[in-house]
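The values are calculated or read from the model by the stated rules, or taken from the named source; none is laboratory data. Since we're looking at a predicted model, the values are computed, not measured. Backbone-built Cβ (ideal geometry, glycine too); neighbour counts: all protein chains shown. SASA here: full protein model, heavy atoms, side chains in, ligands and nucleic acids out. Shrake-Rupley method; radii C 1.70, N 1.55, O 1.52, S 1.80 Å.
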Amino acid sequence: IFNPDMTTTSYIVTGSTLDAKGTGSQYVPAVNFYHVKISGARAGGSTITLVNGGTIGIAGHGSVTATGASYDLTNNTIDINGGNQIVDGFTFNNVIFSNGGTKTAVGDLDVYNSFTVTPGVILDMNNYRLKGTMTSVANAGTIRTSLPTATSTAPIPADKTWGGTVEYYATTPQTVLA
């Protein structure tokens, strides 16, 4: 278990990678990382716990390829806080897209609770869906989608007040949500 003591130790974040690979359960603490990679074929019943009650920052790339495990997302927040970033498809409890730049999705993003896009951030969903219950939405940036109607009639949830800018930019027909 990697569990740093943030009160007495300093960490070099730029260019670093947390590589949580293994065959069993693991814990990812509330630290601002550069790259986060969660990988490995896990034994049945294994759980990967993302810190309960804290924020995990990712300034580079987060990659989740572990198989055979469940994820404990209880009460945590993931802050995608670098400049231009690739965002793999994932299920989030709370997610923040911050510190400017374009965050480009390469898979569906599923959000259970709070969803935040800060000023100066472009969240480009490409041809992927932004979905989930999203109990709160705070968009002060831009959300872009090019998901065509032929693929999905709901590129973003229809029952939300989005704020900021929502841009539809496909070259084929798209469903624009009211």
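Residues whose amide H falls under 5 Å from that of Asn126, counting only those 5 or more places apart or on a different chain, are Ala105, Ser146, with hydrogens built in the peptide plane. Close amide-amide hydrogen proximity is noted between Val166 and Ile143, each under 5 Å apart and 5 or more residues distant or on a separate chain (H modeled in the peptide plane; Pro and chain starts excluded). When the Cα atoms of region 20-65 are aligned to their principal axes, the ranges along those axes come out at 30, 22, 10 Å in descending order. Scalar couplings 3J(HN,Hα) for region 127-137, obtained by applying the Karplus form with A = 6.51, B = -1.76, C = 1.60 to θ = phi - 60°, are 9, 10, 9, 9, 9, x, 6, 6, 5, 9, 10 Hz; x denotes Gly and Pro. When nucleic acids and ligands are ignored and a 1.4 Å probe is applied, Tyr112 ends up with an accessible area of around 110 Å². Inter-part distance, region 54-69 to region 99-178, computed on C-alpha centroids, equals 20 Å. Relative to the Cα centre, the charge distribution of region 40-152, modelled as +1 at Lys and Arg Cβ and -1 at Asp and Glu Cβ, gives a dipole magnitude of about 100 debye. Considering only alpha-carbon pairs that sit under 8 angstrom and 6 or more positions apart, the relative contact order computed for region 28-131 is 20 percent. Straight-line reach from Lys160: taking Cα to Cα under 17 Å and skipping same-chain neighbours fewer than 8 places apart, the lysines in range are Lys131.
Using the alpha carbons alone, the radius of gyration of the chain stands to its Kirkwood radius in an Rg to Rh ratio of 0.99. Tell me which aspartates and glutamates have Cα within less than 17 Å of Lys37's Cα, excluding those fewer than 8 residues away on the same chain? Output for Lys37: Asp19, Asp72, Asp79, Asp88. Taking all protein chains together and rolling a 1.4 Å probe, Tyr71 ends up with roughly 70 Å² accessible.
Nonpolar atom fraction for region 76-178, defined as the carbon and sulfur part of the 1.4 Å probe accessible area, stands at 53 percent.
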